[in-house]
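Beneath this line is the structure, given in structure tokens, with notes to follow.
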Amino acid sequence: MASATASARFESSNATGVFFVHSCPPALVAQVEWALAREIDQLVKPHWSPQPLQQGLLRATVDWCGPVGTAAAVASSLFGWQQLRFEITEDATAHSDSGRWMHTPTLGIFHLRTDAAGNGLLSEQTIRAAIAHTAARPDRLASALTRALGDAWDRELEPYRVAEEGDATIFELPRLGVG
């Protein structure tokens with residue numbers, strides 16, 4: 001009976017998730033591994049492979065198990081690193097919600113609560129704020145809600161998520177004004 005109670009306590013205080021490193025300079029690999037290992041308290045040696053979209057950068061995926069809040073702690077420790085694009089998810093536990101943290105060099109970090117299928121969840125307060133903020137311009141409500149869902153991060157990360165060997169390099173093109 002005691003082992004069942006200890007097992008239940010372990011399961012309720014630990015979370016699982018996936019850490020996706022979409023682009024990382026080789027010089028930062030050890031620091032990225034160290035940041036994750038420090039939070040989950042075990043050695044992490046992912047298989048690094050070339051990032052097809054940017055020559056010289058690497059990518060990796062790691063399944064992790066650690067204390068609730070691990071994803072937020074890893075995201076915070078890696079926040080702002082140049083050329084580092086990543087996502088880290090944390091699955092829900094009996095005592096915590098699930099979430100996804102996304103980071104890009106140009107946009108910074110973004111957090112979104114998610115459901116069991118990975119869909120983004122907006123709180124009632126976030127939706128009410130979007131409605132209030134766009135009350136004078138209801139045509140901007142959709143834009144406010146997509147911002148709240150992290151659409152800019154998804155747009156920037158999607159090419160890195162689906163990149164395959166041989167894909168072309170992505171170049172940021174300037175937006176042309178409509179005259």
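Separation of segment 121-148 from segment 37-112 is 28 Å, based on Cα centroids.
If Rh is defined by the Kirkwood formula over all Cα pairs and Rg also comes from Cα, what ratio Rg/Rh do you get for segment 40-106? Kindly include the intermediate steps, with their values, before the conclusion.
Working: Rg = 13.3 Å, Rh = 13.4 Å.
Here the Rg-to-Rh quotient is 0.99.
For segment 34-79, chymotrypsin sites (Phe, Trp or Tyr not before Pro) meeting the loop criterion (DSSP other than H, G, I, E, B) and having at most 11 other Cβ atoms within 10 Å: none.
With an a/c value of 1.5 or above and a/b not larger than b/c for the gyration tensor axes a ≥ b ≥ c computed over the alpha-carbon atoms, segment 1-150 is described as oblate.
Each reported figure results from applying straightforward, stated rules to the coordinates on display, with no laboratory input. Bear in mind that the values here come from a model prediction, so they are computed numbers and not experimental data. All Cβ positions, even for glycine, are placed from backbone atoms using ideal geometry, and neighbour counts span all protein chains on display.
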